[in-house]
Structure formats: C-alpha cells, structure tokens
1. Which FRET efficiency value, to the nearest 0.05, is calculated for Ala273 and Thr322 with the Förster distance at 30 angstrom and r the Cβ-Cβ distance?
2. Can you tally the net charge around Leu64? Count Lys and Arg as +1, Asp and Glu as -1, for every other residue whose Cβ sits under 12 Å from the Cβ of Leu64.
3. Of the listed peptides 309-322, 259-272, what is their order by residue-averaged count of other C-beta atoms within 10 Å, with the highest listed first?
4. Taking K and R as +1 and D and E as -1, what net charge do the other residues with C-beta under 14 Å from the C-beta of Val39 add up to?
5. For Ala329 paired with Ser313, estimate the spin-label separation in nm (one decimal), with each label point 7 Å from Cα along the Cα-to-Cβ line.
6. Work out, step by step, the length gained on full extension between Thr99 and Thr49: first 0.36 nm times the residue separation, then minus their alpha carbon distance; give nm to one decimal.
7. What does the charge count around Gly108 come to, taking other residues whose C-beta lies under 15 Å from its C-beta (Lys +1, Arg +1, Asp -1, Glu -1)?
Amino acid sequence: MANDLDIPAISDGQADDQWQTSNDGDAALGNALADIYTVDFSGGDVTLTAAQFRSAMTFVPSGLSATRALTLPAVKRALFFVHNTDASDAITVTRGATTVSVAAGKIGALYTDGTTNGLVGIILTPGVGASGDVVGPASVTDGNPSVFDGTTGKLIKERTFTQFTASLSAVVGDSGSGGTKGLVPAPGAGDAAAGKFLKADGTFAVPAGSGIGDVVGPGSTVNNNVAVFDGTTGKLIKDGGKGLLESIIIAVGDETTAITTGTAKVTFRMPYAFTLSDVRASLTTVSSSGIPTVDINESGTTILSTKLTIDASEKTSTTAATAAVISDANLADDAEMTIDIDVAGTGAAGLKVYLIGVRA
C-alpha cells in the first residue's frame, strides 16, 4: 500500500520485526504524526522537498524578517499545521495556484491533495489568556475570543458581541461585585395610550383601560403581585404592585332634571388614597347647544388644568374636542372632593363623573 508519508504496509506472511528492521516504520510514524519542523526563512522564501514535507506534522518559522512564502511539493497531506510564531510578519503557504495566508501569531490548519488547486485551510487564534487557558471562538466583529481559566473553567475574558449592541439594552447589575444580572427593556416615555408601562425613571406608568385583563406578566420583586394586561387592547391594568385599575363614579343630579351651573354640586370624601390616570364625564340626555363643563376639586383646589367637557349633542367626554388635563393626580385618603358645573349647556341631564386610577 503506497502513501505520501512513505510508511509501507506489511505484506502477507512478512515477519513482524521486518517492518521495523527494513523500513524504520516507528521513526516514519513519529515523523509524520508528531514532528515539529523549523523552516529557516533567513535566506528568503522556502520550497519544501517531499521528504521535508512528509517528516513533519507542524511547521514553525525562524529568521522571519518579512512576509515569506512557503511552497509545498506535489504531495498529499491529510492534515498539517503552520504555526506562525512571529510577532509581525505573515507566512503565505502555496501549493500550485492556491495560497493560504497565516498571519503573525496565528495557526493554519491545512490539508492538500497535492494538486495545483488542492490546498485548503482555516486560521486559528492561539490562547490569549494565561498558560493552560481554553480559548473560545473569535467574535465576527473584532476577533476577541472568550477565555476560560484552564484550572477552574471560569470565564475570565468574555467574547465581545458588538454586532448586537444596537438592539440590546442596558444591563442590570454591578459587574464589579456580582456580574451582570440580566437584561431589561429599553426605558420608554410611558405612553399610556399605546400600552407602554416602563418609564425612563424605571417606574411603571398606568395607562387608561377597563375590564379584567387575562394576560399576566412577571411578578413584582417587591410584593410578588403580578402585572395584568387587558387581553383585547394589550393595555396594562395592573402594574405588579399598584393594584387593579378601578373607577369611582359620582352622579351629579338625577336622570331627568336638566343640570345647572354652580359650585359644589356634589360633595364627597375619598375612601382611600388614590392615583388618577384619567377622568371622564357622561350624560343621559345630551346638550342641544353649549358645551357642559365640569371642574373637580380636592379640598377646594381644582385638580384639572383643562376642565372636563362634553361637546353639544354628545353623551361622553371621551369624544370631546378638547380633552381634560389632570394637574393633581394624587388624591389623599379622606380628602373632601367637590364637583362644580361651570357650563350647563341646554337640556343636558343625567351627569356622571368618573375618577379612574389605582389605590395609592
């Protein structure tokens, strides 16, 4: 059996010791599988002979003062290595018309079938940590590998992933004392209408919404309450620690008598501390002309910078041309609340006012 390592097979009936005696088989195996051959580039580029190429598993340079070419003979080799130990210069490995470049400090793992275009290889990065460290694959962006301690197996240098930084958000945790703890969504502005709930300061915004939600989020780290989202709209109706969204509804007059202007048309006290997220008003009978306008006061001071209105021929403030604006969302427990009617409109009746929010 012929091969490009010059290691003959024993013929049928041949004595066991004849292979060693006549062919030096042990030395041939050792040279082919474990030898390290130093290629002297001090005189320029080098072309290996067939014997030199067969006698080494790994090739390392000496006298490398510039980029040099290592030309291989037309010999098959299933696997061999070129370890460029030089700090600055490259080695180009050539077989016929095919070339693989091994940069300074890199290892080329190559094979060749001896033909003109039959050289193939990959470039490896040797360990960059302490002696005995295990090195992971390089990042596709900057070549930085992950490095693990050779004794403990602990990660001592993390592979970088700069190609992902545009989509990943801030990392929670102190890398100096406890390492990274996990990822959080990028903080938003807290858009209640869009169902956003994480504000820039890390607190939760409670958007408007109604009904019992059927989508449950992760529990609060404070009291293990869960976040609840409306199953239809996706809006947050329970934020993991502030309670369910609820409404306090106040009737201002009866269902049929037309409302009139005046202060303190209804007086009541808050049953508990309450954080407003929305206010609304509705009518049983619409105003034929004029825009009914309502003010809400806490202890004699308005809580609205833009009053609550219901447009003529409309029954609800949710369709008003000008939406109410809350200036004081925090209502104290047992605070005295009053409702004023600033504009009554014509024929409007059955006025109700809704305070929507969560218990503080």
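Read-outs: derived from the displayed coordinates by stated rules, not from any lab. Given the structure is predicted, the values throughout are model-derived calculations rather than measurements. Here the Cβ positions follow ideal geometry from the backbone for every residue, glycine too, while neighbour counts run over all protein chains shown.
1. 0.55
2. Once positives and negatives cancel, what remains is -3.
3. 309-322, 259-272
4. Working: positive: Arg68; negative: Asp35, Asp40, Asp45, Asp86, Asp89.
Here the charged neighbours net out to -4.
5. That separation, rounded to one decimal, is 3.5 nm.
6. The span from Thr99 to Thr49 would gain 16.2 nm if fully extended.
7. Here the charged neighbours net out to +2.
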